[in-house]
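Asker: Following this message is one structure expressed as C-alpha cells.
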Amino acid sequence: MHPGVADQSPGYHLMLPPARGGGGGMALTTGELAGQERSTRSRRISVRIMLNSSSGKKIHENRISLYSHQPRVRGTPDLRGQGIHHQLTSKIEKKTAYAVPAAVPPTGVDEARWGPGGRWSDRPGSWNPRGGQYDLPLDWDPLGFVSRIGVGSPRFEYKIFVDWTWVSNIVTTPKCYGQWNPSLCLHPQQPYWDPRNSTSFKNLTSEYADRSWKPNHFFMQDPMSIEYGSDLLHVGPVTGETVLQLTDLQFNVSGKYGAPFPFTGIVGMSPVFRGDDGKMKPGISCQVDNQSAYYQQWKNGHWRTAHTGFVYCHEESRKSVCNGHDGIQTMGGIRRDLIKNQKIWWYDVRLYPDVNTLDFVYNPPMYNYWGVELEGLKIGTEVQKIEPTSNSSGKGAIFDHASYGRGTPLTPNAYARLTQMTGGKPVELKEPPNNGDQIFFSVDCSKLKLFPDIKYKFTGSSREWAVTPEMYVEKMKDGSCVLNVRALASGDKFIGNFGETFAKEKYIILDFEKNRVGIADMLWPSS
C-alpha cells in the first residue's frame, strides 16, 4: 500500500505528514469501515489502523472502536461521516493527522476514458502516466488572475477567476431568489451558464445542502448563496465530471453594482483537509468530494500529479515564458525547466483559525488555506520581532495570489521600521497598490538601490526568501514611488498573505496530495 492510500476507496483514510527530515508519509487505513455504515442503528465499528512507511513496510497495526450513528433524516445535516471522522481524529494525535476524503469518481465519461470501473485507480499515486498536464494561461486583473475554461454539454466557455483561497468551483447561473429568472438579480450583460441546457448536468440539491456565506469576500455584506450540481468540467486537455457550486443569488447584484461582474466563475484551489464535507449515497458507503475541482479531477485520474505550479511573468520581457500572458498555473505537474538547479523547498500546511477574523472573514467560517508557519522576518540584516496572533493560530503565512496577495506582508511594527529606514512619508492614494487598511507611504524613487531587502524564513527550512526593493516599491502612474506593504493584526503579531509581490522571481507549488507548499528560485530561459 502506498502512502496516503486507503485499502478500500469508499472509506476514509488518515494522512500523516512526512517525518521531519524527509522521507515518505504514512497512511492510516480504515477500509474495514466501509461495510459497516449500512446499519440503520447506532452500532460499534471495529476499525483496523495500519501505519505503513513509504516503502510499504508495516510500522504499526492496531484496532480502535468507533460508533456509527443513524442515517440522516431527509432535510437534516448528514453528520454520520462527520461523527466518525471526529472520533478518528480524537483517537490519533490531532496536531499531526488530518483526514482526506477517499473520493469515488462519478460514472459516465470516466467509464469511456478509463474502461471498466470508470476510474484510473482507487489509489491514485503521485504519478499518473495517463493523466494530463496543462499550462493554464493567467491574465492580470484588478481582482486577481483570470483565465478561461469550459463546462457542460455542449461545452460552454467562460471566464474564470483563479482563487487559491476558495474551497470549490463556482459557476454563475440565471437563478435568482430560487427562480430561473436572471432579471431578478443579474445585470443584462452578465454572462452566465444555464445548467438546464446541458445534457450531462446532474442536479445534486437533494444530496448536498445549499450553502450561503454572509459576510464573504466576493460580495462582502451581501450573501453568497449556492447550490450543488455536477457536470463535465473542461480544463485544457482534461474533461472530467466534477461537483460544482452553482449560484442562486439572494440579492440584486445589478442594482447594487450597476454593472456585470468581470467573470462568470471562480476556480477555487484551497487545500482539502478532511472528508466531512461530502456526499453519502443511500445504502452505499462511499464519498464524493465536493471541494476543489482540481483536487476532484486529480483523485479521479485526470491529472498527471497532484501538483500545480505558478509562475508570475511580472515584466514585459518575461511574458514570452507565459506565452504572452501575465502568468501560468500549471495543472497536473511542475515546470521543472523553470526551476533553478531543480531545487524545491517544501513547507507543511497548517491550520490558522485567526485567518477568519483577521484576514478573510466568512460566516460560517472558512479555514482551508495554504498556510505555513513564519519562523523569521528580517529587514536587511535587522531581525524583526514576530509573535503569534493567538495561542491557537501561530504566525500564519497564507499563500494567495489574488488581490489580497498584493503587497509584501509585515507586522505593523515592522512596517513602521521599514518606513523609518526608507524615509517614507504618509500619502493618500486614490488607487492604492493593495487593498489593506494600513497607511501608505511614499519614498524617494532615486534611493531605491539603498533600500533593504525583506527576508522571510518559514518553518521547515533555514532558507530565507527575499523580497527586494524593486519588488516591494510600487511605481505609481504619476511617477511617484510607494511602499507596497500589507500589514494585518497589531504590534508584533504576524499574519499575512504571500501572493504576487512575494512570488516575483519565485516558482510556487501547491501539493494537493501531501498538503504542502513548495518554493523555488525561478530560472528564466536565456533570450
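Asker: I'd like to know if the stretch 197-205 contains one or more residues that are in contact with a His (Cβ under 9 Å, 6 or more places away or on another chain), modelled with pLDDT under 95 and either over 23 Å from residue 349 (Cβ atoms) or surrounded by fewer than 16 Cβ atoms within 10 Å (Cβ to Cβ) (or both).
Answerer: No: zero hits.
Asker: Restricting the search to the stretch 166-185, which residues are modelled with pLDDT of 95 or more and closer than 23 Å to residue 242 by Cβ?
Answerer: Selection gives 169, 170, 171, 172, 173, 174, 175, 180.
Asker: Taking the stretch 240-295 as the region of interest, how many residues are part of a strand (DSSP E or B), modelled with pLDDT under 90 and under 28 Å from residue 179 (Cα atoms)?
Answerer: Residues that pass the stated criteria total 3.
Asker: Could you list, ordered by first residue, the pairs with Cβ atoms under 7 Å in which the first is in the stretch 251-267 and under 9 Å from residue 191 (Cα atoms) and the second is surrounded by 21 or more Cβ atoms within 10 Å (Cβ to Cβ) and of a type in the set (Phe, Trp, Tyr), at least 6 apart or interchain?
Answerer: 263/161; 264/193
Asker: Basic (Lys, Arg), under 26 Å from residue 329 (Cβ atoms) and modelled with pLDDT of 95 or more: does that describe residue 463?
Answerer: yes
Asker: Which of (1) out of contact with any Ser or Thr (no Cβ under 7 Å at 6 or more places or on another chain); (2) among the basic types (Lys, Arg); (3) at pLDDT 95 or above does residue 430 not meet, given it meets every other one?
Answerer: (3)
Asker: Inspect the stretch 207-226 for any residue being among the small types (Gly, Ala, Ser), in the same structural domain as residue 244 (by TED's automatic domain parsing) and over 24 Å from the mean Cα position of the chain (by Cα) and give the result as yes or no.
Answerer: no
Asker: Can you pull out every residue in the stretch 211-225 that is aliphatic (A, V, I, L, M) and within 14 Å of residue 163 (Cβ to Cβ)?
Answerer: Matches in the stretch 211-225: 224 only.
Asker: Filter the stretch 391-423 down to residues that are at pLDDT below 95 and of a type in the set (Ser, Thr, Tyr), then give me how many there are.
Answerer: Matching residues across the stretch 391-423 total 4.
Asker: Follow-up question, since we're still on this one. Need a quick list: strands (runs of 3 or more DSSP E) entirely within the stretch 425-527 having at least 1 residues that are in contact with a His (Cβ under 9 Å, 6 or more places away or on another chain).
Answerer: Passing ranges, in order: 495-498, 506-511, 516-521.
Asker: In the stretch 179-226, which residue that is of a type in the set (A, V, I, L, M, F, W, C) and part of a strand (DSSP E or B) is farthest from residue 360 (Cα to Cα)?
Answerer: In this case the residue turns out to be 180.
The values are calculated or read from the model by the stated rules, or taken from the named source; none is laboratory data. Because the structure is a prediction, the values reported are computed rather than measured. Ideal geometry is used to build each Cβ from the backbone, glycine not excepted, and the neighbour counts take in all protein chains shown.
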